[in-house]
Amino acid sequence: MNLSSLKEIKKALLEKQISSEQLVQACFDRIKEHDHEIGAFLHLYEEAVLAEARQVDLDRASGKEMLPLAGVPMAIKNNILVQGKKTTAGSKMLENYEAAYDATVVKHLRAAGMIIIGDTNLDEFAHGSSTENSAFFTTKNPWNTKKVPGGSSGGSAAAVASSFVPVALGSDTGGSIRQPAALCGVTGLKPTYGRVSRYGLIAMASSFDQIGPFGHSVDDVAEIFSVIVGNDEKDATSVESDVVVPELISQDVKGLRIGIPKEYFIEGMDSEVKKAVLAAAEIFKTNGAEIQEISLPHTEYAIATYYVVMPCEVASNLSRLDGIRYGHSAEGKSLLETYLAARGEGFGPEAKRRIMLGSFALSKGYADAYYKKALRVRSLIRQDFDEAFKHVDVILTPTSPTVAWDIGAKFADPLTMYLSDIYTVSANLAGIPALSLPCGFDQGLPIGLQLMAKPFDETCLFRAGKFYQTVTDWHLKRPAEF
Ligand code: GLN
C-alpha cells in the first residue's frame, strides 16, 4: 500500500484496509523513528489527534456518510494559526504564543475532515531560503542530511519528502513553497494572490503572501488546493473564484502554448538544472504542446524589487511585536528600553536585517527613491507577464538555479542567499500562480521545474503538471532511508 498518495490513502480508508487511527499512528511512529535526523516538525499534537482519528473511525463504522478526505493526516507550517497550539513563526518572539483561533485554511481542512497531526519548522517569520533562520533548529534535506531543504517552508517540504505525512501546507512570499518543494523533490503550489485566505497566517509581506499545498503529485496538490481555496470575509484581499475540480482536469497538452523566457537561462544556473528543465520542455513538445521563446524583459530587476518592497512590508508587519501588545516581553528602565530589549532579544539576525532595510527604504527622503520606485518596477514586471500570457498559456522555467546546497554554505552571506530566489520572486511580484514539480536529479539531489500561468488559471498548471507526471516518474522517487 502506498501511503504517500491521497488516492491510495482514501481507497484504503474506504475499503477499511486501514483505520484512520492506524494511519495517524503510522505517521507518528515514522516521525519518532526518523525526525530526529531531519527536524521537520516543531510540535506534534499526538493525544488530541489520536482521539480525533478514533472518532472518524467510529463515524465510518456506524455507516455515516464520510467526506473523501475524512481521517487523512497532514501537517502545516508553524506560521498558520491552529487554535490552542503554539504558533511560533519559527521565532523566539512568539515562542510561547498560543493561537486564539483557527486560520481560515485550518477551518477548511477540518471541515473536510482532515487531521492536522503537527506543525513544521520554518525560517523565522518565513524569512529565508534554507530553514537555517529558524530560532529553534535547522531542518535537513531528506535526500542528503548535510544539505539544506530550502526555505522558508523547509519543514513542510521535508515532512512530505520523508513520507511523514502525505501532504502539508506552506506559505509562499517569494518562493517558500516552490523552492523547498524543488530542493526536496516534491510538488508544491503557490496559488494566485487572493485565492486562498490569509486570515490566520502570520503576515510576512502582505501583498505577496499566499498559503499553498505540498504533496508528492499534482493530483494531491490540486486536491488540497480545492479544499483551501475560496473567498473569506476576514481577508479583504481574498476573492471569489470557481473551484477547481481535480478529477476534471484534462491530461492532454495538445495545443498548449508553453513559453520559455530567454532571461531565465543565465549564468549562475547549474548546467544539470538547465538540461533537466529543457528535457521537460522537450517532453511537452513531443506530446503536442507548442514551445516558444518569450521575453520577460524586466526579470533582471525582480530580486532587487522584491528585496525592497518585501522588507518594507515586513518592517510594518513586525512593528506590532513590541513585547507589550504582542510577543516576547523584556524588562527595561524606560518604555524605549523595554521595546529595545524585547525586540533585541526576540528577533533573530535576519528579521532584524529586514526590519532595518524596510524602515530605511520607507523613511522620509528615501521612500520615493526606493519604495515607490520599486513599486513602479513591480508594475512593469506584472506587465511583462500580462504581455507574455497573450501569447502563451504556461511559462516554463527552473524553480531554483541549483540543487540543494550544503548547510552553512550561504548562511553568512545573505546576498548570495537572496540570489537563489531569482526564479521564484517574480510570480509573487505579479500575483500569478506557480507550481514546482520534480524533473530530475543532480548528484542525487532533486531538480525542480516551475510552471507559471495567468491569474486564476491554476487549472492550466494542473493540466500541464498532471500530464508531465503521467509520462515521467520523478515524483515517485523517494529518498533512501536516512
Ligand atoms: N526566500 C525568500 C525570502 O527570503 C522567500 C520567502 C518566502 O517565500 N516566505 O524572502
*asked:* Give me the one-decimal nm value for the distance between modelled label points at Glu282 and Ser250, 7 Å along each residue's Cα-to-Cβ direction.
replied: 2.7 nm
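What is the gain in length, in nm to one decimal, between Lys146 and Asp406 on full extension, counting 0.36 nm per residue of separation less the C-alpha to C-alpha distance?
Gain on stretching Lys146 to Asp406: 93.0 nm.
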*Estimated FRET transfer efficiency (Lys16, Val243; beta-carbon r; R0 30 Å; 0.05)*: 0.55
*Would you mind computing Rg(Cα) / (2.2 N^0.38 Å) for the stretch 176-329, counting N as its residues?*
1.27
*Could you bin all the Cα-Cα distances of the stretch 341-427 into 10 Å bins starting at 0 and give me the percent of pairs in each, rounded to whole numbers?*
13, 28, 34, 21, 3, 0
*Alpha-carbon centroids, the stretch 41-97 and the stretch 305-362: separation in whole Å*: 31 Å
*Around Ser241, what is the net charge, scoring Lys/Arg as +1 and Asp/Glu as -1 over all other residues with Cβ under 14 Å from its Cβ?*
-4
*How large is the helix-only mean residue ellipticity at 222 nm for the chain, computed as the sum of -39500 (n - 2.57) over DSSP H runs with n ≥ 4, divided by its residue count, in deg cm²/dmol to the nearest 500?*
-11500 deg cm²/dmol
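So for Trp143, Trp405, what's the accessible-area order with a 1.4 Å probe, most first?
Trp143, Trp405
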*How many percent of DSSP beta bridges within the chain run antiparallel, rounded to 5?*
70 percent
*Enumerate by residue number the GluC sites (Glu not before Pro) in the stretch 1-92 meeting two conditions: DSSP loop (anything except H, G, I, E, B), and at most 11 other Cβ atoms within 10 Å of the site's Cβ.*
Glu15, Glu65
*asked:* If I take R0 = 45 Å and measure r between the Cβ atoms of Lys373 and Glu345 in this structure, what FRET efficiency does the formula 1/(1 + (r/R0)^6) give, to the nearest 0.05?
replied: 0.85
*Asp29 versus Arg478, label points 7 Å from Cα toward the beta carbon: distance in nm?*
1.3 nm
*Going by the alpha-carbon gyration tensor, a ≥ b ≥ c the square roots of its eigenvalues, is the stretch 227-275 rounded (a/c under 1.5) or, if a/c is not under 1.5, prolate (a/b greater than b/c) versus oblate?*
oblate
*So what are the three principal axis dimensions of the stretch 288-375 from its Cα atoms, in whole Å, longest to shortest?*
68, 37, 19
_Cα principal axis extents for the chain, largest first, Å_ = 65, 54, 44
*Considering the zone a paramagnetic label at Glu331 would reach in this model (a point 7 Å from Cα along the Cα-to-Cβ line), which residues of the stretch 77-111 have amide N under 19 Å from it?*
none
*Give the accessible area for Thr472 in Å² (nearest 10); use a 1.4 Å probe, count only protein heavy atoms, and leave out ligands, DNA and RNA.*
20 Å²
*Can you tell me the alpha carbon radius of gyration of the stretch 147-249 divided by the globular rule-of-thumb value 2.2 N^0.38 Å?*
1.03
*Loop-only check: which trypsin sites (Lys or Arg not before Pro) in the stretch 187-258 are DSSP coil with at most 11 other Cβ within 10 angstrom?*
Lys254
*Mind checking the full-extension length gain between Ile324 and Gln83? Use 0.36 nm per residue of separation minus the Cα-Cα distance, one decimal, nm.*
84.6 nm
*Cross-link partners among lysines for Lys364, C-alpha distance below 21 Å, same-chain residues fewer than 8 apart left out?*
Lys352, Lys372, Lys373
*asked:* Over the Cα atoms of the stretch 8-86, each weighted equally, I'd like the Debye log10 I(q)/I(0) at q = 0.21, 0.23, 0.26 Å⁻¹, rounded to two decimals.
replied: -1.02, -1.14, -1.27
*Can you pull the semi-axes for the stretch 113-174, root of five times each eigenvalue of the Cα gyration tensor, sorted largest first, whole Å?*
18, 14, 9
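Taking the stretch 329-437, which trypsin sites (Lys or Arg not before Pro) meet the DSSP loop condition and have no more than 13 other C-beta atoms within 10 Å?
Counting only loop positions with at most 13 other Cβ atoms within 10 Å, the trypsin sites (Lys or Arg not before Pro) in the stretch 329-437 are Lys333, Lys364, Lys390.
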*Glu290-Gln443 FRET efficiency (beta carbon distance; Förster radius 51 Å; 0.05 resolution)*: 0.95
*In the stretch 58-185, what % of DSSP beta bridges are antiparallel (nearest 5)?*
20 percent
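The values are calculated or read from the model by the stated rules, or taken from the named source; none is laboratory data. Because the structure is predicted, anything quoted here is derived from the model rather than measured. Quick reminder, even Gly has a Cβ in these numbers, built from the backbone with ideal geometry, and neighbours come from all protein chains shown. All accessible areas refer to the heavy atoms of the entire protein, side chains included, with ligands and DNA or RNA removed. Shrake-Rupley method; radii C 1.70, N 1.55, O 1.52, S 1.80 Å.
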